[in-house]
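I have placed the structure first, in the form of structure tokens, so that the comments after it can refer back to it.
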Amino acid sequence: MNYWSTVRKGVLGLSAASIAYAIWKKNPLVPMALYAMHLVEYFAVAKKAGKKVWYDDTRCFINTMLYGFTFWLPMKLEIE
């Protein structure tokens, strides 16, 4: 297992924790802000980075919404 897959698992855990917190506190602000940032990342960077490695838009969108920058940064740095 490489570094980026480990970080992605951590990101999924943090996303689940933010959703659980939102349900517990009845305040959806934290996950909404998180996914709003992911949406901005998708349009600003991930879509273009995905096209360079022949990923379709749907795959890029889903992975960016799940993993955020840990999805597109390795592609952009040509690590993965």
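The values are calculated or read from the model by the stated rules, or taken from the named source; none is laboratory data. This is a predicted model, so every value here is computed, not measured. Note: ideal-geometry Cβ built from the backbone for every residue, glycine included; neighbour counts use all protein chains shown. The protein model used for the area step is the full one, side chains on, heavy atoms only, and it has no ligands, DNA or RNA in it. Shrake-Rupley method; radii C 1.70, N 1.55, O 1.52, S 1.80 Å.
Here's the yes/no breakdown for (1) touching a residue at least 24 places away in the same chain (Cβ under 8 Å); (2) more than 11 Å from the chain's Cα centre (by Cα); (3) open to solvent by less than 60 Å² (accessible area, probe 1.4 Å); (4) farther than 14 Å from Thr70 by Cα:
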{"residue": "Ser5", "(1), (2), (3), (4)": "no, yes, yes, no"}
{"residue": "Ala17", "(1), (2), (3), (4)": "no, yes, yes, yes"}
{"residue": "Ala20", "(1), (2), (3), (4)": "no, yes, yes, yes"}
{"residue": "Val30", "(1), (2), (3), (4)": "no, yes, no, yes"}
{"residue": "Ala33", "(1), (2), (3), (4)": "no, yes, yes, yes"}
{"residue": "Ala36", "(1), (2), (3), (4)": "no, no, yes, yes"}
{"residue": "Glu41", "(1), (2), (3), (4)": "yes, no, yes, no"}
{"residue": "Ala46", "(1), (2), (3), (4)": "yes, no, yes, no"}
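Report, by residue number, each residue of the stretch 48-66 that is β-branched (Val, Ile, Thr), open to solvent by 40 Å² or more (accessible area, probe 1.4 Å) and at pLDDT 90 or above. The answer is Thr58, Ile62.
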